[in-house]
Amino acid sequence: MAFVEEIVKPGEAKTRDTTGATLAGFRAAEDMLIPGVEDVVESSVGHHKPHGSDPVSDQTMVLNMGPQHPSTHGVLRLVIELDGETIVSLAPDIGYLHTGIEKTCEAKFYAQVTPLTDRIDYLCPMTNNTAYALAVEKLLQLEIPERAQWLRVLFNELTRIQSHLVWLGTHALDIGALTVFLYCFREREDLMRIFEAVSGQRMMTSYVRIGGVSLEMPLDLYARIHTFLSTFNSKVDEYEDLLHNNPIWRERLMGVGHLSAEDAVALGVTGPPLRASGVDFDVRRDMPYSSYEKFQFAVPVSNGCDVWARYIVRMQEMRESVKICLQALDGLPEGRIVADAPKIILPDREQMKTQMESLIHHFKIVTEGFAVPAGEATSSVEAPHGMMNYYVVSDGTAKPFRVHMRNADFANLQALETMCKGGLIADVVAVIGSIDVVLGAIDR
């Protein structure tokens, strides 16, 4: 412990403080808290009492958890008030990434915004691409070819599996299960290679574009994806063999982080945390997009309302995603992968070499962008973390006037206090893992 010498006036004796208590001449800890977390301090005033004979039982304590990885899954700071080991109040403090992506979109052509969307929730870039493309396509009134829609479904579901693998691996690692982390990233690596084969990038793919998708799949990729899907359910069984009946895993998850259906709806929670609280809602089924209405799949729901229920729901979701991917592969329609809009969609490179008109279109789209009719449009998709909404406003120029992303992570995170209040500080990390939050989707 660092020793701090107290500032004293001339003639007074100097004393050393070895307890860490606030010294005269220094601001109190409450005064140094940044805006956004005063609610914890203010609400804790009634709990703070002067020291009595037993300081531990006579007062609560406000402390920081984070911001650092991995305990808070990124740059998340929690200000927690404790009564012993019991949580009295909790406030997430965000903003440490400060990417400014939404504002940056206003300085880019519409097509140039797509790579920015990859970096919102960097575990589901193709889902972000799809949500943004759907909103702009509404403004442009583009008709997307069926093949492109099915390819979007295929790679959105592969993205969902990939995101859930990162969730399970890191969630298990938080609680001390290292083996599961290694197994999950073994399968994730197969998906990263599939994404690289179809887009050229492992993570920031920018594969889904305005008007369709960027590239046709290589011929050998069908078999590679089919091989992955045919063996993946056995891998999920392997994860469950390690965890499902493990007494430590069950003890750390069951009955922890309770979130009722009423609280989940009131707080705007979506995705697996909402369905784990007994609310049967999935955008893919209830507000279908990109031909999801043509696919057969179940929506896993649990009434457990705890961390265990969120674990069960996501494990089942990975199996359902496998079903959707197999349907997409087996029934993939023939045809174009981009809309027929030469002044919006970049022409084929072979056409550029032989047709002057295609070369002109390419030059003008790249250097000047394309104008989007004035208006506003929204889109909603079911991302791995929950409901993702994009709101795009056009002023009739080649650059968006406003792009706003409503990600599930922001709303789901505000449920953290409800889940943790009255519980133990040792359970906070387990609850954070069950939300599966990505701070890139929050600090936009």
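Taking only pairs six or more apart or across chains, which ones have beta-carbon atoms under 8 Å, a first residue in the stretch 173-195 that is under 20 Å from residue 429 (Cα atoms) and open to solvent by 60 Å² or more (accessible area, probe 1.4 Å), and a second residue that is part of a helix (DSSP H, G or I) and among the β-branched types (Val, Ile, Thr)?
173/180; 176/248
Looking at residue 210, is it farther than 29 Å from residue 426 by Cβ and either within 21 Å of the chain's Cα centre (by Cα) or surrounded by 19 or more Cβ atoms within 10 Å (Cβ to Cβ) (or both)?
Details: farther than 29 Å from residue 426 by Cβ: yes; either within 21 Å of the chain's Cα centre (by Cα) or surrounded by 19 or more Cβ atoms within 10 Å (Cβ to Cβ) (or both): yes.
Answer is yes for this residue.
Residues in the stretch 229-239: is at least one within 30 Å of residue 411 (Cα to Cα), of a type in the set (Asp, Glu), open to solvent by 10 Å² or more (accessible area, probe 1.4 Å) and modelled with pLDDT of 95 or more?
no
If residue 142 passes every condition in (1) among the aliphatic types (A, V, I, L, M); (2) over 19 Å from residue 234 (Cα atoms); (3) surrounded by 23 or more Cβ atoms within 10 Å (Cβ to Cβ) but one, which one does it miss?
Condition (3) is where residue 142 drops out.
Which one of these does residue 219 not meet: (1) within 30 Å of residue 349 (Cβ to Cβ); (2) part of a helix (DSSP H, G or I)?
For residue 219, the failing item is (2).
Out of (1) buried (at least 16 other Cβ atoms within 10 Å of the Cβ); (2) touching a Ser or Thr at 6+ places or on another chain (Cβ under 9 Å); (3) over 22 Å from residue 441 (Cα atoms); (4) of a type outside the set (S, T, N, Q), what's the single condition that is false for residue 84?
Going through the list (1) buried (at least 16 other Cβ atoms within 10 Å of the Cβ); (2) touching a Ser or Thr at 6+ places or on another chain (Cβ under 9 Å); (3) over 22 Å from residue 441 (Cα atoms); (4) of a type outside the set (S, T, N, Q), residue 84 breaks only (1).
Mind listing whichever residues of the stretch 394-420 are touching a helix residue (DSSP H, G or I) at 6+ places or on another chain (Cβ under 9 Å) and of a type in the set (Val, Ile, Thr)?
Of everything in the stretch 394-420, those that are touching a helix residue (DSSP H, G or I) at 6+ places or on another chain (Cβ under 9 Å) and of a type in the set (Val, Ile, Thr) turn out to be 403, 418.
So that you can scan it fast, the table gives a plain yes or no per residue for (1) open to solvent by 20 Å² or more (accessible area, probe 1.4 Å); (2) touching a strand residue (DSSP E or B) at 6+ places or on another chain (Cβ under 7 Å); (3) farther than 21 Å from residue 261 by Cβ; (4) modelled with pLDDT of 95 or more:
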{"position": "356", "(1), (2), (3), (4)": "yes, no, yes, no"}
{"position": "377", "(1), (2), (3), (4)": "no, yes, yes, yes"}
{"position": "397", "(1), (2), (3), (4)": "yes, no, yes, yes"}
{"position": "402", "(1), (2), (3), (4)": "yes, yes, yes, yes"}
{"position": "429", "(1), (2), (3), (4)": "yes, no, yes, no"}
{"position": "438", "(1), (2), (3), (4)": "no, no, yes, no"}
{"position": "443", "(1), (2), (3), (4)": "no, no, yes, no"}
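Being of a type in the set (A, V, I, L, M, F, W, C), on the phi < 0 side of the Ramachandran plot and crowded, with 16+ Cβ neighbours inside 10 Å is the requirement here; does residue 425 meet it? It would help to see each step written out before you state the result.
Working: of a type in the set (A, V, I, L, M, F, W, C): yes; on the phi < 0 side of the Ramachandran plot: yes; crowded, with 16+ Cβ neighbours inside 10 Å: yes.
Yes: the conditions hold for residue 425.
Given the conditions (1) on the phi < 0 side of the Ramachandran plot; (2) touching a helix residue (DSSP H, G or I) at 6+ places or on another chain (Cβ under 6 Å), report the number of the one that residue 386 does not fulfil.
Just one mismatch for residue 386, condition (1).
Which ones in the stretch 266-293 are outside any loop (DSSP other than H, G, I, E, B) and open to solvent by 30 Å² or more (accessible area, probe 1.4 Å)?
Answer for the stretch 266-293, where residues must be outside any loop (DSSP other than H, G, I, E, B) and open to solvent by 30 Å² or more (accessible area, probe 1.4 Å): 266, 285, 286, 293.
Mind checking which pairs have a first residue in the stretch 242-266 that is more than 26 Å from residue 181 (Cα to Cα) and a second that is among the charged types (D, E, K, R) and open to solvent by 90 Å² or more (accessible area, probe 1.4 Å), Cβ under 6 Å, 6 or more apart or different chains?
none
Does residue 296 satisfy being open to solvent by 70 Å² or more (accessible area, probe 1.4 Å), farther than 16 Å from residue 419 by Cα and part of a loop (DSSP other than H, G, I, E, B)?
So residue 296 fits the description; yes.
Filter the stretch 240-265 down to residues that are over 30 Å from residue 380 (Cα atoms) and in a loop (DSSP other than H, G, I, E, B) and give me whichever is most open to solvent (accessible area, probe 1.4 Å).
Within the stretch 240-265, the match that is most open to solvent (accessible area, probe 1.4 Å) is 245.
Considering only the stretch 303-339, state which residues are free of Cβ contacts under 8 Å to residues at least 24 places away in the same chain and within 18 Å of residue 149 (Cα to Cα). Let's see the steps before the verdict.
Pass one, the stretch 303-339, residues free of Cβ contacts under 8 Å to residues at least 24 places away in the same chain: 316, 320, 330.
Residue satisfying the conditions is 330 alone.
Based on this model, can you work out whether residue 154 counts as open to solvent by less than 70 Å² (accessible area, probe 1.4 Å) and closer than 21 Å to residue 320 by Cβ?
yes
The values are calculated or read from the model by the stated rules, or taken from the named source; none is laboratory data. Model, not experiment: these values are computed from the prediction. Counting neighbours? That spans all protein chains shown, and the Cβs are built from the backbone with ideal geometry, glycine included. Just so you know, the surface numbers come from the protein's heavy atoms only, side chains and all, with ligands and any DNA or RNA stripped out. Shrake-Rupley method; radii C 1.70, N 1.55, O 1.52, S 1.80 Å.
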